[in-house]
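Here's the structure, in structure tokens; my notes come after.
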Amino acid sequence: MSVKLSDALLKSVEKPSRYTGNEWNSVIKDPKSVDIRFAFCFPDSYEVGMSHLGMKILYHLLNDRDDCYCERVFAPWTDMEEKMRQNNIPLYGLESKNPIRDFDFVGFTLQYEMSFTNIINMLDLAGIPLTSDKRSDSDSFVCAGGPCAYNPEPLADIIDFFMMGEGEEIINEVMDAYAKWKGTGRNRQEFLEDIVKIEGIYVPAFYDVSYNEDGTIRSFEPKKPDYPVKIKKRIIKDMDKAYFPEKIIVPYTDIVHDRIMLEVFRGCTRGCRFCQAGFIYRPVREKSHKRLIEIANKLEESSGYEEISLTSLSTSDYTELHELTTGLLDEMEEKKVNLSLPSLRIDSFSLDLMEKAQKVRKSGLTFAPEAGSQRLRDVINKGVTEEDLLNAVSMAFNGGWNGVKLYFMLGLPTETMEDVEGIADLAYKVVNAYKTVPREKKGKFLNVTVSTSSFVPKAFTPFQWEPQDTRENLNEKQMLLKSKIRSKQVTYNYHENRLSLLEAVFARGDRKTCKVLLKAWEMGCKFDSWGEHFKFDVWMKAFEECGVDPYFYATRRRDYEELLPWDHIDIGVSKKYLISESKKALEEKITPNCRVNCGGCGATIFDSGVCGGN
Amino acid sequence: MTIIRVKFRRGDEVKFISHLDLMKVFERAIRRARLPIAYSQGFNPHPGMVFGLPLGVGVTSEAEYGDFEITDDEMSAQEFADRLNLQLPKGVEVLAAKKKASKQNIMATIAASEYIVIVGTPVECNQKTLKVSIDKYLSQKEIVVKKRTKNGVKDTDIRDMIFDLNFELQPCGDFNIIRFTALVSAGSKANLKPDLLIESLCGYLGFEYEIDRIHRTKLFVRSQDQLLDPMEEVV
Ligand code: SF4
């Protein structure tokens with residue numbers, strides 16, 4: 001039975017087309033013709049979720065199976081949620097409008113920690129028991145994957161099983177196992193027993209955790225000897241052969257990235273020590289430019305999109321960038337498709353390229369030096385020097401650009417007030433670089449924007465043992481910077497740092513933090529990453545009521561010996577390597593990138609990509 | 001340069017998307033169909049398309065119009081329509097297409113629109129008394145309503161914007177379903193939204209009511225003193 005969405009109800013909410021489906025290239029099947037129904041849930045708004053490439057890939061991958069019908073589910077905006085609750089409308093799949101509690105799987109993609117309360121809210125709206133111990137044989141299996149799954153513990157009570165690593169690899173194996181299990185009459189537990197044998201599957205309920213008196217973890221043990229002690233992430237070895245859909249859904253309403261997104265590679269060779277993505281996606285694996293152009297052509301044909309963007313962690317590191325961009329520009333020009341190039345390293349080639357690519361407005365160049373001094377940039381292993389930056393902006397100013405955005409982080413390990421002042425100095429050096437450019441060459445008015453965010457230590461980085469800076473310190477640093485930046489040509493933007501405290505808790509949280517999530521949700525928290533819905537005081541109350549100290553997770557320094565909540569997950573990069581990187585950071589020593597010199601992080605076990613056979 | 005006028009339908013599947021979004025739907029369908037649409041010059045080239053009067057959110061229609069400028073003078077209107085239809089999402093469908101001779105902008109010439117509005121009311125009524133009351137409503141010299149504009153709410157006289165108003169009564173259990181057919185002013189000069197008319201009428205009748213659905217059946221352009229079907233005007 002489909003849910004009944006009356007016109008009057010839809011007319012009363014903002015952007016009703018978020019809830020009605022039927023977009024071009026969405027897949028409609030007869031539910032009766034399939035064995036497996038999968039609700040792919042993105043725990044944020046339609047606009048954010050639809051911009052996510054991973055969801056698009058897995059949606060089509062599952063739907064390409066004849067035995068499976070995968071539908072999309074997003075978090076209804078608060079106005080819609082209210083109407084759904086008033087009218088007893090359960091959370092439904094966008095394609096069939098059937099309640100997702102009748103589906104076999106309800107799967108969440110975990111992109112950022114602050115979407116966790118939306119997961120709980122969505123389960124509640126669906127009418128699915130919130131914790132795995134309350135679910136019975138008639139309930140859907142609740143699973144999850146994505147970057148935040150690398151520390152799954154804050155969601156350990158909620159999710160039945162996690163899929164570690166790249167979903168394209170593992171999800172088909174799970175579906176095959178399910179197809180075999182379904183109809184055999186074996187129970188829920190037995191299905192989980194089946195799939196725990198698949199590499200990359202983590203079933204939290206199969207493990208016991210005990211704690212020391214100081215609150216740290218004493219032991220983490222499988223309940224049965226045949227459950228894996230370490231759960232190893234799955235990766236795609238050959239990106240050219242990896243599944244990629246020839247169609248993508250074209251939404252009706254504006255979404256965040258309303259264009260073809262071309263992922264040129266996975267991973268990053270740079271090894272910035274704060275960057276979780278840089279470690280969890282190791283090793284770097286590229287697609288060939290030929291395959292990328294083929295994909296671009298197919299997607300352009302099937303979507304009618306007028307823009308293509310290249311997305312990867314540091315796109316300008318792509319070895320075939322030249323062939324790819326010139327190839328794309330050639331093919332797409334007559335089709336009137338724009339190429340948008342995010343965050344390229346600036347050299348004469350990329351300037352020329354930007355000149356040619358149509359969408360780049362001459363005002364928008366962005367750089368991320370991340371730290372204000374060379375010392376601190378060495379600590380974080382950001383391989384950018386002041387000279388590099390100034391050369392690049394001078395070149396850009398000479399080419400007529402007149403706007404520069406500079407991104408920094410405050411609260412990085414070892415940061416001093418001097419480092420913070422260095423941010424202002426750097427901004428003024430950029431202003432000076434502009435002054436030396438001959439007037440006829442440069443744009444009319446210079447606009448330098450300095451943005452700072454607060455550093456959040458993440459699992460599986462060399463900084464995973466580091467304390468997060470206190471909010472007091474961060475405020476002081478922001479104020480200092482504000483007082484140092486007094487120029488019409490420089491604007492300073494900074495983020496409120498209360499959210500980063502919570503991010504820090506859940507990025508390195510253990511199973512005890514799960515209670516807090518449930519409590520905070522119960523007290524009304526959801527859409528936490530949306531400023532207008534973020535309720536810091538309520539969160540603090542939730543911590544208090546659960547007897548959980550947020551600062552234990554956020555601002556405590558860990559010993560290298562401590563058993564970390566995510567130590568049972570194996571991302572390929574060894575703990576030994578992370579420790580050596582952590583020590584090198586404190587010694588202000590840099591580590592060259594993987595292409596210059598393999599640092600021996602351990603990712604060779606995947607025998608693929610930059611460090612593998614090819 | 002050739003301009004093709006297209007008449008299309010907008011069904012339930014797409015009635016909740018905005019006018020702007022609908023234009024994007026056409027733009028992308030045209031690209032997928034590889035139709036030779038003309039693009040404007042400049043930094044941000046736009047496809048040459050002009051649409052008729054935007055529909056309200058939630059309203060369906062069998063009488064939407066758009067003018068498309070193409071660079072291939074040889075292409076027939078039928079081919080244009082056929083290729084476009086293959087690429088349009090469910091609910092949007094080209095019903096007719098014709099090459100257009102005049103340069104008249106469709107938007108500028110729209111004058112009237114006909115809607116069917118289906119209203120439910122728990123109020124007891126019969127054909128005769130209802131007819132008398134509606135006649136009385138229409139015989140007023142002035143019908144003032146509160147119209148929401150960009151600058152707040154404004155009193156507006158809509159009497160001259162109502163060209164024709166008929167109804168059919170269909171009793172349905174405790175409920176009466178009234179099916180109104182309304183021909184009203186449309187376009188940039190004077191535009192009467194059907195829901196506003198029904199609100200005013202039911203207010204006058206003292207009826208509690210609920211609009212079940214609104215559907216546009218016709219759109220007219222003005223040529224001299226005549227109201228014409230936009231597909232007729234093009235020849
Ligand atoms: S094994 Fe070497 S080349 Fe491979 S990801 Fe690690 S450091 Fe880089």
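The values are calculated or read from the model by the stated rules, or taken from the named source; none is laboratory data. For clarity, every value in this text was computed on a predicted model and none was experimentally measured. Because the Cβ atoms are built from the backbone with ideal geometry, glycine has one as well, and the counts that use them run over all protein chains shown. Note: accessible area is taken over every heavy atom of the protein model, side chains too, but ligands, DNA and RNA are not part of it. Shrake-Rupley method; radii C 1.70, N 1.55, O 1.52, S 1.80 Å.
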Candidate set: segment B:74-119, residues that are closer than 21 Å to A:Glu301 by Cβ and assigned to a loop (DSSP other than H, G, I, E, B); chosen: the one farthest from the other protein chains (Cβ to nearest Cβ) | B:Met75
Given the residues B:Arg83, B:Arg5, which is the only one that is touching a helix residue (DSSP H, G or I) at 6+ places or on another chain (Cβ under 8 Å) and not hydroxyl-bearing (Ser, Thr, Tyr)?
-> B:Arg5
Restricting the search to segment B:8-21, which residues are within 20 Å of A:Pro251 (Cβ to Cβ) and either open to solvent by 10 Å² or more (accessible area, probe 1.4 Å) or facing another protein chain (nearest Cβ under 8 Å) (or both)?
-> B:Asp12, B:Glu13, B:Val14, B:Lys15, B:Phe16, B:Ile17, B:Ser18, B:His19, B:Leu20, B:Asp21
Does B:Thr71 count as among the hydroxyl-bearing types (Ser, Thr, Tyr), within 14 Å of chain A (Cβ to nearest Cβ) and open to solvent by less than 20 Å² (accessible area, probe 1.4 Å)?
-> no
The lone exception for A:Leu339 - which of (1) within 24 Å of the chain's Cα centre (by Cα); (2) within 14 Å of chain B (Cβ to nearest Cβ) it fails = (2)
Those residues of segment A:581-602 which are small (Gly, Ala, Ser), out of contact with any Ser or Thr (no Cβ under 6 Å at 6 or more places or on another chain) and either within 14 Å of another protein chain (Cβ to nearest Cβ) or within 11 Å of the ligand (Cβ to nearest atom) (or both) amount to A:Gly600
Within segment A:205-250, tally of residues that are over 21 Å from the mean Cα position of the chain (by Cα) and under 27 Å from A:Leu328 (Cβ atoms) = 6
Quick check: is even one residue across segment B:195-208 of a type in the set (Asp, Glu) and not in a helix (DSSP H, G or I)?
-> yes
Return the pairs, sorted by first residue and then second, in which the second residue is open to solvent by 10 Å² or more (accessible area, probe 1.4 Å) and acidic (Asp, Glu), the first residue lies in segment A:296-309 and is within 11 Å of B:Gln87 (Cβ to Cβ) and in contact (Cβ under 8 Å) with a residue 40 or more places away in the chain, the beta carbons are less than 7 Å apart, and the residues are 6+ apart or on different chains.
-> A:Ser302/A:Glu246
Residue, nearest to B:Val221 (Cα to Cα), within segment B:114-152, restricted to residues that are under 23 Å from the mean Cα position of the chain (by Cα) and exposed (fewer than 10 other Cβ atoms within 10 Å of the Cβ) | B:Thr149
Over segment A:314-324, the set of residues open to solvent by 30 Å² or more (accessible area, probe 1.4 Å) and assigned to a loop (DSSP other than H, G, I, E, B) is A:Thr319, A:Glu320
Has segment A:249-269 got any residue that is open to solvent by 20 Å² or more (accessible area, probe 1.4 Å) and in contact with a Cys (Cβ under 9 Å, 6 or more places away or on another chain)?
-> no
Do any residues in segment A:550-573 that are on the phi < 0 side of the Ramachandran plot and within 16 Å of the ligand (Cβ to nearest atom) have Cβ atoms under 8 Å from those of residues that are of a type in the set (D, E, K, R) and part of a loop (DSSP other than H, G, I, E, B), where the two are at least six apart or on different chains, and which pairs are they?
-> A:Asp570/A:Lys230; A:Asp570/A:Lys233; A:Ile571/A:Lys233; A:Ile571/A:Arg282; A:Val573/A:Arg282
Hey, any hits in segment A:25-38 for a residue that's at positive phi and modelled with pLDDT under 95?
-> no
Output for segment A:50-59, where each listed residue is open to solvent by 10 Å² or more (accessible area, probe 1.4 Å) and more than 15 Å from the chain's Cα centre (by Cα) = A:Leu58
Identity of the residue in segment A:469-494, within 15 Å of A:Ile423 (Cβ to Cβ) and β-branched (Val, Ile, Thr), that ends up nearest to the chain's Cα centre (by Cα) | A:Thr491
Do any helices (runs of 4 or more DSSP H) entirely within segment A:452-553 hold 1 or more residues that are closer than 20 Å to A:Ala277 by Cα and of a type outside the set (A, V, I, L, M, F, W, C), and if so, which?
-> A:498-507
A careful count of residues in segment A:297-336 that are within 25 Å of A:Glu23 (Cβ to Cβ) and either of a type in the set (Ser, Thr, Tyr) or within 14 Å of chain B (Cβ to nearest Cβ) (or both) gives 17
Of the listed residues (B:Glu124, B:Glu142), the one being out of contact with any Gly (no Cβ under 6 Å at 6 or more places or on another chain) and touching a residue at least 24 places away in the same chain (Cβ under 8 Å) is B:Glu124
Considering segment A:279-296 alone, what residues qualify as being open to solvent by less than 30 Å² (accessible area, probe 1.4 Å) and either in contact with a Leu (Cβ under 8 Å, 6 or more places away or on another chain) or within 14 Å of another protein chain (Cβ to nearest Cβ) (or both)?
-> A:Phe279, A:Leu292, A:Ile293, A:Ile295, A:Ala296
If the Cβ limit is 8 Å and pairs must be 6+ apart or interchain, which residue in segment A:223-252 that is within 14 Å of chain B (Cβ to nearest Cβ) pairs with which residue that is assigned to a loop (DSSP other than H, G, I, E, B) and open to solvent by 20 Å² or more (accessible area, probe 1.4 Å)?
-> A:Lys247/A:Asn25; A:Ile248/A:Asn25; A:Ile249/A:Asn25; A:Ile249/A:Ser26; A:Val250/A:Asn25; A:Pro251/A:Asp258
Mind checking which residues of segment A:174-195 are of a type outside the set (Lys, Arg), open to solvent by 70 Å² or more (accessible area, probe 1.4 Å) and outside any helix (DSSP H, G or I)?
-> A:Gly183, A:Thr184, A:Gly185
Return the only residue of A:Lys512, A:Lys541, A:Lys589 being in contact (Cβ under 8 Å) with a residue 12 or more places away in the chain, closer than 30 Å to A:Trp77 by Cα and open to solvent by 60 Å² or more (accessible area, probe 1.4 Å).
-> A:Lys541
Quick check: anything in segment A:210-229 buried (at least 17 other Cβ atoms within 10 Å of the Cβ) and within 30 Å of B:Lys24 (Cβ to Cβ)?
-> no
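Every residue, every condition in (1) facing chain A (nearest Cβ under 10 Å); (2) surrounded by fewer than 18 Cβ atoms within 10 Å (Cβ to Cβ); (3) outside any loop (DSSP other than H, G, I, E, B), yes or no:
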residue: B:Ile3; (1), (2), (3): no, no, yes
residue: B:Val6; (1), (2), (3): no, no, yes
residue: B:Lys24; (1), (2), (3): yes, no, yes
residue: B:Asn44; (1), (2), (3): yes, yes, no
residue: B:Leu53; (1), (2), (3): no, no, no
Tell me which of these A:Arg65 doesn't satisfy, since it passes every other one: (1) charged (D, E, K, R); (2) touching a helix residue (DSSP H, G or I) at 6+ places or on another chain (Cβ under 8 Å); (3) surrounded by 19 or more Cβ atoms within 10 Å (Cβ to Cβ).
-> (3)
Output yes when any residue across segment A:569-578 is under 14 Å from A:Thr461 (Cβ atoms), part of a loop (DSSP other than H, G, I, E, B), in contact with a Gly (Cβ under 7 Å, 6 or more places away or on another chain) and among the hydroxyl-bearing types (Ser, Thr, Tyr), and no when none is.
-> yes
